[in-house]
Structure formats: C-alpha cells, structure tokens
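Let me begin by presenting the structure, written as structure tokens, before commenting on it.
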Amino acid sequence: ELWKRRDADTAELMPTTLAVSDGRLFFQNTREVICLDADNGQEEWRVARPVYTTRLSWSTPNLVVSDGVVLSADGSTGGLRSPISKGEDQVTWQLSDTDIRRHPVGDLVAFSAETGKPLWTGKSLQGFCNPGDLFVIDGKVWCGADVSPGQALLNVVVDLKTGDIVANFWVRGI
C-alpha cells in the first residue's frame, strides 16, 4: 500500500472526478478540486469548486487533466423537483426529474494543474441521462451534449490553454 486517505475531503468524492497526471492525483468533492502528490498523498493545492449537491442518480461532474490543465465540467440540475443546493457536505441523489431537456447550461472551469490557479471558464451541458461530453484532443477541448430534438445544444471546441472558442459544431438531436 502506497498511501491511503479517508477523511472529510474524500467522504463525498464525486464519481468520474479521479485523475492522475504528471505525478499528481486530482479529485473533486462537493466543495473543491484537490491536488495531491501521487507518490505520498500530501496535498499540493485545493481550490473552491462547489457543485450541485442535489443531483440525479446519473449526474456527476467530469474532471479531465491534460497538458498541465485540470478541467472540471458540471451540468446544471435546474429541472429537479426538489430545492437545489450547491457545495453542501453531502450529496442528495434523486432518481427522476421533470425534464432533462429543460436543464440550463452548466459550467466548465479550467485550472492550472501545477498551482490550482483558475485559467478560464466556459459552458457545459449534461447529456440525456449521462454527464456531458468532455474530451481533449490535440490541445482542443471538445464539450457538448446531444440531448433531444428541438433542444438548443452546446457543442463547442475550445483551446485548452486559453478557453477561446475555435469551432462550433451544431447537430440535430436524435
């Protein structure tokens, strides 16, 4: 066993937010993105990143690390039937929703993997019963969702380092 961490920071570790890159381990809980030294588990930095804590059972932030940049995408849960909370200590998972097609656009935040310094912000959108897409290919961030006919879709390609939009690709819902 290399090291173990079981504490308040990891109690509500969000699914799909664990990543390792260049000797660092990154994860996201309900309040922050945290960076640890992958060899010894010592904290290198943490940065505020509260996420929605009233969530649908399939809804989770995505965290991707590439070329010195940590990306955290969290779709909005604006259609939930109960009051919405953000940054609470515990997640309330729900099974159903009013209509996923009515969810507003969420956010995408880029941080320096070395320091945790925020670099830029953008938008994200959840898919139909799945977190939204978030891929990095050749220094470009591809994010978006294909949800349903008639919904305005967010499908953009942005520069990984600057967040500048370099392309839009609009598709029709299924």
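Computed from the coordinates by the stated procedures, all read-outs in this text should not be read as laboratory data. Here the structure is a predicted model, which means the values were calculated and not measured. Don't worry about glycine lacking a Cβ; one is built from the backbone with ideal geometry, like all the others, and counts go over all protein chains shown.
Just a few scattered comments:
- Full extension of the chain between Thr115 and Val136 yields a length gain of 5.5 nm, computed as 0.36 nm times the residue separation minus the alpha carbon distance.
- Computed label-point distance, nm, for sites Ala8 and Gln90 using a 7 Å Cα→Cβ extension: 1.5
- Nearby lysines by direct alpha-carbon distance to Lys86 (threshold 20 angstrom, same-chain neighbours under 8 apart not counted): Lys123
- Point-charge dipole on Cβ atoms (K/R +1, D/E -1) for the stretch 1-82, about Cα centre, debye to 20: 460
- Sequence-distant aspartates and glutamates (8 or more away, or on other chains) whose Cα lies within less than 19 Å of Lys117: Asp22, Glu32, Asp37, Glu43, Glu44, Asp67, Asp74, Asp107, Asp159, Asp164
- Estimated FRET transfer efficiency (Arg46, Asp164; beta-carbon r; R0 22 Å; 0.05): 0.20
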